[in-house]
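The values are calculated or read from the model by the stated rules, or taken from the named source; none is laboratory data. From a predicted model like this one, the values you see are computed outputs, not experimental measurements. We place every Cβ from the backbone using ideal geometry, glycine too, and count neighbours over all the protein chains shown.
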Amino acid sequence: MLNKFEGMVLRAKDYGESHQIVLIFTEHMGKFTVMARGSKKAKSRFRAVTEPFTQAVFVCFAGSGMPTLSQADILKSRHSIRSDLLLTAYGAYWFELVDKLTEEKEPQPVIYRLLDQSFDLLEKGTDPDILTRIFELKMMKIAGYQPVLHHCVHCHSTLTPVLFSLKQGGFLCEKCRMTDHTAIQLTPATARILPILQVIDLRRLGEITVKPETKEVLQKVVQSFMDEYLPLQWKAREILKQLRKSWEV
């Protein structure tokens, strides 16, 4: 039986001397694994389509074993991302989030569109740090963990927040400061931007400029929240962190 679907390559693992096992993320089937026979050969018609980030229409033959790739037409090669080491690291981290927070063969149309839009913006030069914060917040929401960013998590006041409480999972106003002595101090810019990043539609994301010190606090808040409620090992995130540090981004 032949299956035809659109998807993007999360990763490809060598299998034998000339084959690859390719993990593809699709809109209607979630993660889907296929065998790309002969894809490692120099003249293989599948050589380009098995590159990470490649978005294509795939045709697979599904028999008794692992589905076998029989045809693929590239829609977006994402070459500009693969050719940039730092952008590749950002993309790899987004894929790590998707891989760890989704199950195989589980439809994920919202996440698929999120990835597609995020990569489009990344190729256009949108700030990768801001895109990553948006991606993290939206993936956390899909996973069922959403920080309270539109009112004080303790008293529900809409007064300007001054702290972010990991224990309570959201903003704290000045009156509730003493309810968590370990809460993260916010800057006015961080308190203003975080709620926007949580709900923004990427299709409406225009030019955005955020000061480096504000981006640092945004990262600290979002990733500390992730680590508190999703204590997983984020290898790609650590690689990205080291790259940014060495390049002084």
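A few notes on this one:
- Flag for Pro107 being touching a helix residue (DSSP H, G or I) at 6+ places or on another chain (Cβ under 9 Å) and either buried (at least 18 other Cβ atoms within 10 Å of the Cβ) or within 21 Å of Lys4 (Cβ to Cβ) (or both): no
- Note on segment 12-37: residues that are outside any loop (DSSP other than H, G, I, E, B) and on the phi < 0 side of the Ramachandran plot total 18.
- Given (1) buried (at least 16 other Cβ atoms within 10 Å of the Cβ); (2) touching a residue at least 60 places away in the same chain (Cβ under 8 Å); (3) not in a helix (DSSP H, G or I), index of the condition Leu218 fails: (3)
- Test: residue in segment 147-167 that is part of a helix (DSSP H, G or I) and either assigned by TED's automatic domain parsing to the domain that holds Leu114 or over 18 Å from Ile130 (Cα atoms) (or both): no
- Members of segment 100-115 found to be touching a strand residue (DSSP E or B) at 6+ places or on another chain (Cβ under 7 Å) and modelled with pLDDT of 95 or more, listed by number: Tyr112, Leu115
- Identity of the residue in segment 127-149, within 22 Å of Pro212 (Cβ to Cβ) and more than 12 Å from the chain's Cα centre (by Cα), that ends up surrounded by the most Cβ atoms within 10 Å (Cβ to Cβ): Leu149
- One residue alone among Phe32, Phe58, Phe95, Phe25 is among the aromatic types (Phe, Trp, Tyr), surrounded by fewer than 21 Cβ atoms within 10 Å (Cβ to Cβ) and at pLDDT 95 or above, and that residue is Phe95.
- Criterion violated by Val210 - all others in (1) part of a helix (DSSP H, G or I); (2) touching a helix residue (DSSP H, G or I) at 6+ places or on another chain (Cβ under 8 Å) satisfied: (1)
- Qualifying position, being touching a helix residue (DSSP H, G or I) at 6+ places or on another chain (Cβ under 8 Å), farther than 30 Å from Leu23 by Cα and surrounded by 20 or more Cβ atoms within 10 Å (Cβ to Cβ), among Cys176, Cys152: Cys152
- Hey, Phe53 touching a strand residue (DSSP E or B) at 6+ places or on another chain (Cβ under 6 Å) and at pLDDT 90 or above or not: no
- Segment 180-204, subset outside any loop (DSSP other than H, G, I, E, B) and crowded, with 17+ Cβ neighbours inside 10 Å, residue modelled with the lowest pLDDT: Leu202
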